[in-house]
Amino acid sequence: MIENLVYVRPGEDLQGQVREDAIIESARALNDLDIDLLKLEYPGSPEGCRRLAGILDRPWAVLSAGVPFDQFTDIIRIAADEGGASGFIAGRSVWREVVSLAGHQRQEFLTSVALPRLERLIAVAEHSARPWTEISRPAAATSPRAPSAP
């Protein structure tokens, strides 16, 4: 599994179309590696997801990158519907608020808020995501082997 995160260098403005282009170009480069799954940031638009779908020949999952939960449900839907994403990888979007809690409050949050959030994300993915088994990958270069002598 290869993860695609775009980091801003000092003095660089990596927003909007520039950010989308950076995500697309890094995905294009990673697609050429012999890997099973790409973890990609949401490129920022449905068009960016369609651009990903046009260049990738292997499954990909969209990263939450810490966006708010309600926004991430829409991102999963767009990434799957427009870009053929096979799933999601979420952390802070599900449990961000828990870091300020302790003890019983933490457990209560995880049970009553984080778990239902995760279940909601799973439901969105089950409805929209493209099964990874449907993604065509280039055949590995193999040469037939001669049978070995007994």
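The values are calculated or read from the model by the stated rules, or taken from the named source; none is laboratory data. Quantities reported herein were computed from a predicted structural model and do not represent experimental measurements. No Cβ is skipped: glycine too gets one built from the backbone with ideal geometry, and neighbour counts run over all protein chains shown. Areas reflect the complete protein model, heavy atoms only, side chains present, ligands, DNA and RNA absent. Shrake-Rupley method; radii C 1.70, N 1.55, O 1.52, S 1.80 Å.
May I ask you to list the residues in segment 122-143 that are farther than 18 Å from PRO59 by Cα and at pLDDT 95 or above?
ALA123 - this is the single residue of segment 122-143 that is farther than 18 Å from PRO59 by Cα and at pLDDT 95 or above.
Give segment 30-50 a look and list any residue that's part of a loop (DSSP other than H, G, I, E, B) and open to solvent by less than 10 Å² (accessible area, probe 1.4 Å), or say none.
Hit for segment 30-50 is PRO43, nothing else.
Any residue in segment 101-114 that is in contact with a Lys or Arg (Cβ under 6 Å, 6 or more places away or on another chain) and not polar (S, T, N, Q)?
Within segment 101-114, none of the residues are in contact with a Lys or Arg (Cβ under 6 Å, 6 or more places away or on another chain) and not polar (S, T, N, Q).
It is to be established whether one or more residues within segment 11-27 are touching a strand residue (DSSP E or B) at 6+ places or on another chain (Cβ under 7 Å), under 24 Å from VAL94 (Cα atoms) and not in a helix (DSSP H, G or I).
For segment 11-27, residues touching a strand residue (DSSP E or B) at 6+ places or on another chain (Cβ under 7 Å), under 24 Å from VAL94 (Cα atoms) and not in a helix (DSSP H, G or I): absent.
For segment 82-112, how many residues are open to solvent by 40 Å² or more (accessible area, probe 1.4 Å), under 24 Å from the mean Cα position of the chain (by Cα) and more than 23 Å from LEU52 (Cα to Cα)?
6
I need the full set of residues from segment 113-127 which are surrounded by 12 or more Cβ atoms within 10 Å (Cβ to Cβ) and within 11 Å of PHE88 (Cα to Cα), in order please.
Result: LEU118, LEU121, ILE122, VAL124, ALA125.
Within segment 61-81, take every residue that is assigned to a helix (DSSP H, G or I) and under 12 Å from the mean Cα position of the chain (by Cα) and give me the one that is surrounded by the fewest Cβ atoms within 10 Å (Cβ to Cβ).
Selected residue: ARG77.
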